[in-house]
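Below you'll find the structure, written out as structure tokens, and then a few comments.
The values are calculated or read from the model by the stated rules, or taken from the named source; none is laboratory data. Worth saying up front: this structure is predicted, and the values here are computed from it rather than measured. Methodologically, a virtual Cβ is constructed for each residue, glycine included, from the backbone with ideal geometry; neighbour enumeration extends over all protein chains shown.
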Amino acid sequence: MTAIRESLLRPSLNWLLIFLPITIWAEHSRPDSHRLIFFASCLAIIPLAGLLGQATEHIATRAGEGLGGFLNATFGNAAELIIAVVALKAGQLDVVKASLTGSIIGNVLLVLGASFLAGGLRHRIQSFNLKGAQAQAASLGVASLALIVPSAFRAVGSSAIAPKTMERLSLSISLLLLAVYALSLIFTLRTHRDLFSTVSGDKEHGHEGARWSVAQAVFVLLGVSVLIAWMSEILVGSVEQAAVAMGMSKVFVGIIVVAIVGNAAEHSTAILMALRNRMDLSLGIAIGSSIQIALFVAPLLVILSYWIAPSPMDLVFTRGELIAVVFSTFILSQAVADGTSTWFKGIQLLAVYTIIGIAFYFVP
């Protein structure tokens, strides 16, 4: 437990755990303060997501390379998945779908842009494994196109396509994407893992210092998962009233706020790796997280919606979301095309993300 206690006391996102009791107090003592509850629960989830990632990686380092990679890939977006499941149960399908597209956009533009900027300010030009980056960009492009097919069909002939047909189409695509995700794990972890090898000398990007025991890591994993589910329930319960009070749409909250909160701890790790000139790891976190959202989290939520949501969720997104996802994947392919990164590339990616965020804020 000493390692866990040191992790909590070291200056980090863990200091935001103070918002855990604040959220509980606000929920029970000031139930009408929706903005306070919303922001407190958001800030409380950020360090919990970080602890969840730490526990997963400590288990992964003891499980061997193959199983460890599978655990990291599967639980990489666990916090966001928990938030989305809670929102599904509450019938907030717009928020769920917006958080999915927001995660893809955020990882590609915000996280990668911040990583390029931070790394570029310390290192003039940084390089990374071009073949691995191109393979990941291609995977994300295919997955993104698969996600927007139902929306494209709806846009072409909305009057002729019944809602039940869209649900069946979304379910069929979701099952196919899950199969592709399983094959992608085999590709990256077994048959072609040399394409994703990092620079010699890089170690696990997880954490320095003493490793947690398996029992400690499992205890943290289970306990933090329960707390994230609790905070997510409070967050989802306040999101509608808080959005109205702040003049924001639920789509903006899902695309920008919820997406950033669910991945904040992972984002900080990507930036830290860029500062250490370990760009392969930084890109692996940023692009890999988007791929997990598109190939695993989104289709899994569609399937789960048939059991836990008031109505099944489809993969029909707004036109703004479609445009943002398509342009983000296109910009990603251009950003990694030469195998190098600079701080100005980071500025460009962040500028595009900011423009998209402003557009979603002003559009009803």
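Do we find a residue being at pLDDT 90 or above, surrounded by fewer than 19 Cβ atoms within 10 Å (Cβ to Cβ) and over 23 Å from residue 50 (Cα atoms) anywhere in segment 150-164?
no
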*asked:* Given the condition more than 16 Å from residue 89 (Cβ to Cβ), of a type in the set (Phe, Trp, Tyr) and part of a helix (DSSP H, G or I), answer yes or no: does some residue in segment 238-254 qualify?
replied: yes
_Criterion first (among the aliphatic types (A, V, I, L, M) and within 14 Å of residue 96 (Cβ to Cβ)) does residue 301 satisfy it?_
yes
*The lone exception for residue 195 - which of (1) at pLDDT below 65; (2) not in a helix (DSSP H, G or I) it fails*: (2)
_For segment 141-178, give me the residue count where each residue is of a type outside the set (Ser, Thr, Tyr) and under 20 Å from the mean Cα position of the chain (by Cα)._
9
*Determine whether segment 90-102 contains at least one residue that is part of a helix (DSSP H, G or I) and under 20 Å from residue 346 (Cα atoms).*
yes
*Filter result (modelled with pLDDT under 85 and surrounded by 19 or more Cβ atoms within 10 Å (Cβ to Cβ)) within segment 167-192*: 184, 188
*Any idea how many residues of segment 337-363 are surrounded by fewer than 14 Cβ atoms within 10 Å (Cβ to Cβ) and part of a loop (DSSP other than H, G, I, E, B)?*
3
_Members of segment 307-328 found to be outside any loop (DSSP other than H, G, I, E, B) and either under 23 Å from residue 357 (Cβ atoms) or in contact (Cβ under 8 Å) with a residue 60 or more places away in the chain (or both), listed by number_ = 308, 319, 320, 321, 322, 323, 324, 325, 326, 327, 328
_Residue check, residue 63 at pLDDT below 80 and over 19 Å from residue 267 (Cα atoms)_ = yes
*For segment 94-141, which residues satisfy the criterion of being within 20 Å of residue 325 (Cα to Cα), at pLDDT 90 or above and either out of contact with any helix residue (DSSP H, G or I) (no Cβ under 7 Å at 6 or more places or on another chain) or among the charged types (D, E, K, R) (or both)?*
97
*asked:* I'd like the residue in segment 267-306 that is under 20 Å from residue 79 (Cβ atoms) and among the polar types (S, T, N, Q) and, out of all such residues, is farthest from the chain's Cα centre (by Cα).
replied: 305
*With (1) more than 23 Å from residue 90 (Cβ to Cβ); (2) of a type outside the set (Val, Ile, Thr); (3) in contact (Cβ under 8 Å) with a residue 40 or more places away in the chain; (4) not in a loop (DSSP other than H, G, I, E, B) as the list, and residue 334 as the residue in question, which single condition is left unmet?*
(3)
